[in-house]
Structures are given as structure tokens and as C-alpha cells.
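Accompanying notes for the structure given below.
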Amino acid sequence: MAIELAGTGDDTKVQQPMMGLTFRAMVLSVVFCIIASYWIEWSEVVTFFCQVTEAVPAVPAVAFLILMVIANPFVKRISRALALDRREVLMVYVFLTVATSMAGCGIARFFINTIPVPFYFDTPENNFAEYHRYIPEWMVPHDPEAIRLLYEASENGAIPWGAWAVPLAAWGVFFLALWVTMMAMLVIMRRQWSEKEKLTYPLLYLPVEITEGMDRGNLVVDFFKNPVMWVGFIISCIYNATNIINAYNPAFKSLGKYYDIGALFTERPWSAIRPLQIHYRPEMIGFGYLVSTEVALSVWIFYLMLRGQAVSASVAGMDVAGFPFVQEQGLGAYIGLFFFIVWVARSPIGDVFRKAFSGDPAVQDDDEPMSYRTAVILLIVGLAVVLAWVNYAGMALWVAMVYFGLILAVGLVYARIRAEVGVPLIWMFPYYQHYKAMKYVFGSQRLFVGNSWSTLSIMSTLVFLSRGYFPSLMGYQTEGFRLARETNIKPRSMSWLLVAALLVGFYVAIWLHLRAYYMYGAGGLTALAGWGSGIAIREYEQLASYALAHAAPDAWRIGATGAGLVFSVILVALRMVFLRFPLHPLAFGMATSYGSLIWGSFFIVWMVKSIVFKLGGMSAYRRLIPGFLGLALGHYFSAGMVYGLVGTFGGERFRKYYVYFG
């Protein structure tokens, strides 16, 4: 690579002049986003056989990246003026990572199917009608016919835009305010992460390697000439081919997706060790190869430690539902890590605020994604708009401050994990726990503010924000800023690109979902069965149950959250005192968030890297990087692009195998 992302920080010198956001890059971004919406609509919403938007990076973004790299040499031979610069290709890629992710199950699909739930699923038994008056009409459509047709389909598929116009405009303000708040946080942290700590941003290796050398005009870029890359690519294709063939012909032996070690333990107390499955997902192993050995080691050690807690409880005869409360520990770990991240960056943060308020000339911000004054203003104003928005809707201000404080704290830690570790998983955080923690810490009585159900009603409407992954898009924001700096894209152009991606992605995603729902009926689509509506129904049912008896704070879960926080602080302290302490604090947050999925892949990666370093050293490790990138790319290509497109346009007979990237 001409640009060495690993460990060079911001010292890399690039000779090209800075490039801003071009008109054609913006046009291509929007056009590709609209084309991708049709693909997403059929693969995820109508047929639900391939979740292309859950991948990190999103499969449509990778698909169009490859398309641009392959097509550009031919375009250049026709007209050099029409050919894209490498940086334009990367800007389109960044745009699509955000815009197409907005259409995923964790954002638009969850959102659009959650907010009308108390109106459509209202029955005399569940008493949802009692809470309609606490949900403003500017926030959720109250038109019974518009909501009925959303779930049951209209005769001609027409969308009643009149009923949705005001709520969608209001939600656009909300999402934009939260988006710029998250961006401002990352601008404030950028110098600490990139220049002082020199984080490696491992997931950027893929777009950087794929586009390396494309400006030279060769028909094939260097990445696709590397035989080591093709070895990994072919392994992934074989892996997916065997699994797909097995789905159509069970007699054909497949490689499978995981090995269930837990199935070997059938009797107590050892049965408590389940779930214990080694998932060998190609993209997890491929990108996992770029993860530091100590993080890979720490993840599987911490996960086995958590399973050991469950076995110990079984030995002791404890029968507490949910023990050892892994994700509650994860929330505590993320809170502890958030305060540590902020504390370590206290000096650069102080510089930012000093520059913002006093204009200190000693602090330079000319090369930042936005001026420090703008960042601080956006942080304050953006958060104020979010809090004012939900407060005007009916949520008590103090509840909103705690809830969004948790949302942003967890989002920042997730962004740090993406910057330092690069794990390709959009759900790599204690999802749902921000929302649940409000209840198990305070109890429903304290949330019954002013003897009104207003706060709890708005909280239930916002459940998609905690259970979904919108805050995880901070990972794409921080990677976008780094990519701009390393490839000589004007940082402030990247900021505008990210804002445009959010707005275009949100409204295109809403359009594609409303189009599908009013055409086919959300209640009849497999993608919605038990997902967004089911979760929202349970939350409103729980809300209705509080009218009979309030829920008290949960001491077990509070204790687990506190234990996770304390343990993360201890790990941080040990890392600071003992420079060679092998266990990484971020890995504990990862293991408690989604350890069941990642520990096996990271165990494999740890073994492979240990052998590679032992036998060949750093030079062997670097030579194998393209092979592992090929492993990830081959999975996205065969399972996401090829099978995703065949299943989308080939009919029902090609949809017997389901692909999940989340």
C-alpha cells in the first residue's frame, strides 16, 4: 500500500493535492444508494434471505466499490475526463457504508415498524389505547387507516404520505441532531486516537488495498493480482458453496457455520456452560487477522471466564434467571471504558474547548473535519435539540439526559473498538441494555414521572434506538475521518459527505420500507415476524402491566452492571501498572456484548497468528494479510453479492439458504 494505515498515525506524506467532495461523486453516491435500495428491499424486506446491510462494511458498499474499481480503467480509455479519481471512489464507498446501513434491520426497518405498534395492536385486553394520548401526532401517525394499511397492504400499494409527512420530517430532525452530536464527539477525540495513540483502523485495509494503484490506469489493480488474496477468496467461496448446496440437497456434506462444543455437556452442572459454539465465519476470521494478538487472546479467555461463572453458579445451586447477566456486565464495562477513554484524552479535549472558547492560536484545527468551535457548538446544540425533542414529546428531561448519556457513551466506546480492534460486527455493543438499565436501576415507579405515563410511553417508542444499532454508525464516522486524512480528501468535505449520507440514507430507507409495506403488508412479511413489532409489543405490554403493579429495581442486574464497571477499571489499572499485562480491557467489553459469536473466530485467529509470528515473524504476517482480506472479501462476494443477487432476482427456488452477517 502507498498508505500504510497500520501504526503510522498521521505522519504519512501524500503528494497529491487535497480533493473535496465532487459533484459526480455525490451524484454517483445517491444513484448507487437508490439502486441498492431495490436490492435491500427484496433481499431483506420482502424475502428475508440475505441480510446484506448488517455486514461491516455493508455488502452494497463493497459491491459498488468493486464495480467502480473494475469499471474505471475502461471508462478512462473512453474518456479520461469521465474516469474517477481514487479519492472519489473512496468517498462514494464511505457514503454507501452509512446510507445503506440506514436501511438495515437495526435502524429504518425497526423504526418504521415500531412506532405504530400501540395503535395497530391495540386490543381491549392489552389496553394500549390508554397510552395513545401520550404519543404526539407529530411523532407518530394517528390515522387508523394509514396504520392499518401499513400492516395489511393497500389495494394499489399507494403510500399515504399525508399521514407520514410531519412525523418523518420531525424524525429527520431528531436523527440529524443525534448524528451531528456523534460526529462532534469523534472530532474532539480524533487527534488523541490518530496522532497520540496511533490507532490502526483495521477495517480500512480493505478499501485502501482494493483501490491502491487504480489511478495508474492498469486494467487490474495490484490487490487482484495477488495470488495470496485469491487463496483466501477461493476458500470463502468453497465454504459458502458447500453450505448453499447442502441447503438444497441435505445429502451433500457442508462445512457448516459453527461447531457446538456445548452439545457435549448434557448434565448439570456442566450443561450451564452453554452456549459454547465455535463460529468460523470467514469475515470474522479474515478481519480478525488484523486484530492484535493480545485482543484475540483476551476475547476468548474472557468469554470462557463468563461461561465459567455460569457453571460455578450451577455448582453452587444458584437458580437466578439470567445469571451471570453477561450483557448487564457488558454495559458496566462500556461505562467504565467510556470514562477511561475520556480521562486519557483529557489534555486534547481541553485543547479543543480552549480553542473553541478563547481561540488559542497555539491549538491548530485547520486540518480537522470541522473547526473545534464548530465541533463544540454542534455537540452542545445537537444534544440540546435531541433532549428538547424528546422532552417536548413527553419524556422527563432527567430521564432523557441519562438515557442519551448511555447511548452516546456506548457509541463512543464502540467507535473506539472499530478504530483500535476493527471487529466487523455492527452489534458489537450491549444492545438493548441502555433501555433495560433505565428500568432495572430506577424501577418503573421513578419513571412514572409526575404521575403520568408520558415518560414511559416515549421510552417505549424509542426502544428501537437501544435495541437497534444507529449509534454503531459512529464506527463509519471515525473511519471516514481517518480515510480522508490518509488519502488527502479534504476533512471538511468528509463531514459534509457524512451528513448527506445520513439524510439521503434515512429517507431512501423510509421510502423503500413504506413502499414494500403498503404493497405487501408489514404484518405478512417474514422480515417483520417477531422482530420490530414483537419487541415493541412486549414493551407496551410491560408498560400496561405497571398500571397493576410497578416493577422494583433489580438488585442482581444492578450488581452485574457494577461488577462489569469495576472489573473494567481493574483491567485498565493493571494495563497501566504492568506494561506487558496480556488481557485487554476492550476485549472484556466485546466478550460481554457478543462473545458467543466472536470468541471462536478470535480463538482461531489467535492460534494462527501465534504460529505465523513464531515461524515467520512480522514479514510472514504482512505477506498473509492479503489472503485474510481475500477471505473476508470472498465471503461478501459469494454469500452477499452473488447469492444475494441470485436470490433477489432468481425467484423463490433460490432462497432456501439464509445468510446473516450480523
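The values are calculated or read from the model by the stated rules, or taken from the named source; none is laboratory data. Everything numeric in this text was worked out from a predicted model, so none of it was measured. When we count neighbours, we look across all protein chains shown, and the Cβ atoms used for this are built from the backbone with ideal geometry, even at glycine. Accessible surface is based on the protein model in full, side chains and every heavy atom, while ligands, DNA and RNA are left aside. Shrake-Rupley method; radii C 1.70, N 1.55, O 1.52, S 1.80 Å.
Projected label points at MET519 and PHE578, each 7 Å from Cα along the beta carbon direction, are separated by 6.0 nanometres.
Along the chain, counting only GluC sites (Glu not before Pro) with a DSSP assignment other than H, G, I, E or B and at most 11 other Cβ atoms inside a 10 Å radius, the longest segment between sites is 268-662. Each of GLY521, MET576, ALA560 was scored by the projection of its Cα onto the charge dipole of the stretch 504-608, and the greatest displacement toward the positive side belongs to MET576; charges sit on the C-beta of Lys, Arg, Asp and Glu. A Cβ-based charge dipole, computed about the Cα centre of the stretch 1-160 with Lys and Arg at +1 and Asp and Glu at -1, lands at about 1120 debye.
Per residue, the chain exposes 38 Å² of solvent-accessible protein surface, assessed with a 1.4 angstrom probe and all protein chains in place. Nonpolar atom fraction for the chain, defined as the carbon and sulfur part of the 1.4 Å probe accessible area, stands at 65 percent. Helical runs (DSSP H, four residues minimum) scored at -39500 (n - 2.57) apiece and divided by the length of the chain put the mean residue ellipticity at 222 nm at -20500 deg cm²/dmol. Residues whose amide H falls under 5 Å from that of ALA153, counting only those 5 or more places apart or on a different chain, are GLY521, ALA522, with hydrogens built in the peptide plane.
Largest to smallest in accessible area, the residues HIS279, HIS434 fall in the order HIS279, HIS434 (1.4 Å probe, all protein chains included). Relative contact order of the chain, taken over Cα pairs closer than 8 Å and 6 or more residues apart, is 33 percent. For the listed peptides 221-227, 160-166, 175-181, a ranking on the average number of other beta carbons within 10 Å per residue, highest first, reads 175-181, 221-227, 160-166. Taking all protein chains together and rolling a 1.4 Å probe, TRP398 ends up with roughly 80 Å² accessible.
Cross-link pairs exceeding 28 Å between alpha carbons, from the set LYS196/LYS614; LYS198/LYS490; LYS355/LYS436; LYS225/LYS253; LYS225/LYS609; LYS225/LYS656: LYS196/LYS614; LYS355/LYS436; LYS225/LYS253; LYS225/LYS656.
Pick out the long, greasy-scoring helices in the chain: whole DSSP H runs spanning 30 Å or more along their own axis by Cα, mean Kyte-Doolittle at least 1.0.
Both cut-offs are met by 161-191, 227-248, 293-315, 372-393, 397-420, 491-520, 555-577, 585-615.
At 25 °C and a viscosity of 0.890 mPa s, what translational diffusion coefficient does Stokes-Einstein give for the chain, taking Rh as the Kirkwood radius over Cα pairs? Give it in µm²/s as a whole number. Calculated translational D: 95 µm²/s. The local environment of GLU294, defined by Cβ-Cβ distances under 11 Å, has a net charge of +3 under the rule Lys, Arg +1 and Asp, Glu -1.
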